[in-house]
1. Name every residue in the range 77-105 that is of a type outside the set (A, V, I, L, M, F, W, C) and either at pLDDT below 95 or assigned to a loop (DSSP other than H, G, I, E, B) (or both), in order of residue number.
2. Considering only the range 80-114, how many residues are in contact (Cβ under 8 Å) with a residue 40 or more places away in the chain and more than 14 Å from residue 62 (Cα to Cα)?
3. Taking only the range 75-94 into account, find how many residues are among the basic types (Lys, Arg) and either surrounded by fewer than 12 Cβ atoms within 10 Å (Cβ to Cβ) or more than 27 Å from residue 46 (Cβ to Cβ) (or both).
4. Are any of the residues in the range 48-65 in a helix (DSSP H, G or I), at pLDDT 70 or above and either of a type outside the set (Phe, Trp, Tyr) or surrounded by 10 or more Cβ atoms within 10 Å (Cβ to Cβ) (or both)?
5. If you scan the range 95-132, which residues turn out to be farther than 14 Å from residue 50 by Cβ, surrounded by 13 or more Cβ atoms within 10 Å (Cβ to Cβ) and not charged (D, E, K, R)?
Amino acid sequence: MSVPEVYVLKEVMQLKKYWVLVVGMITVSLVVLGTSNWTQQKQEKMKVVVWDTYVKKKDGVIMHFDILAPITIVDEATIHEYGKQYLAEKGQEGQLLSAKECRRCHVETMKPAWEADIEKKGYYIIEMENCN
């Protein structure tokens with residue numbers, strides 16, 4: 001090999017090392033970004049909002065229950081619909097349920113006992129007082 005060929009070969013080898021480094025950095029960045037996005041989605045899935053709810057039953061007694069729904073559900077009308085479905089199950093259909101009776105209270109971490117109902121119906125109910 002002549003001197004220019006050796007010089008060119010060294011340059012090509014340097015470029016290969018550089019590109020391997022760049023491709024490696026890009027791959028790591030994509031993995032980190034993907035993991036970060038996946039972690040955020042998983043954390044959101046694991047969070048529920050607790051809606052503190054008080055409804056006057058047909059017999060005049062105040063019924064207290066919490067509606068738990070995924071943190072991604074922000075539409076109050078959807079939450080109120082969940083509450084109305086629950087009231088119908090309890091024979092209390094038609095009772096008033098609005099923003100006055102149902103308020104966003106706090107955020108909780110999903111518990112295994114709630115997960116099946118939330119995945120099936122979209123919500124979970126914790127009966128607090130006078131629900132039977």
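1. Within the range 77-105, 90, 91, 92, 93, 94, 95, 98, 100, 101, 103, 104 meet the criteria.
2. The qualifying residues number 10.
3. Count: 1.
4. The first filter runs over the range 48-65 and keeps only residues in a helix (DSSP H, G or I), leaving none.
No, there is no match, as no residue in the range 48-65 is in a helix (DSSP H, G or I), at pLDDT 70 or above and either of a type outside the set (Phe, Trp, Tyr) or surrounded by 10 or more Cβ atoms within 10 Å (Cβ to Cβ) (or both).
5. Those that are farther than 14 Å from residue 50 by Cβ, surrounded by 13 or more Cβ atoms within 10 Å (Cβ to Cβ) and not charged (D, E, K, R): 95, 97, 122, 130, 131.
The values are calculated or read from the model by the stated rules, or taken from the named source; none is laboratory data. The structure displayed is predicted, hence computed values, not measured ones. All Cβ positions, glycine included, derive from the backbone under ideal geometry; neighbour counts span all protein chains shown.
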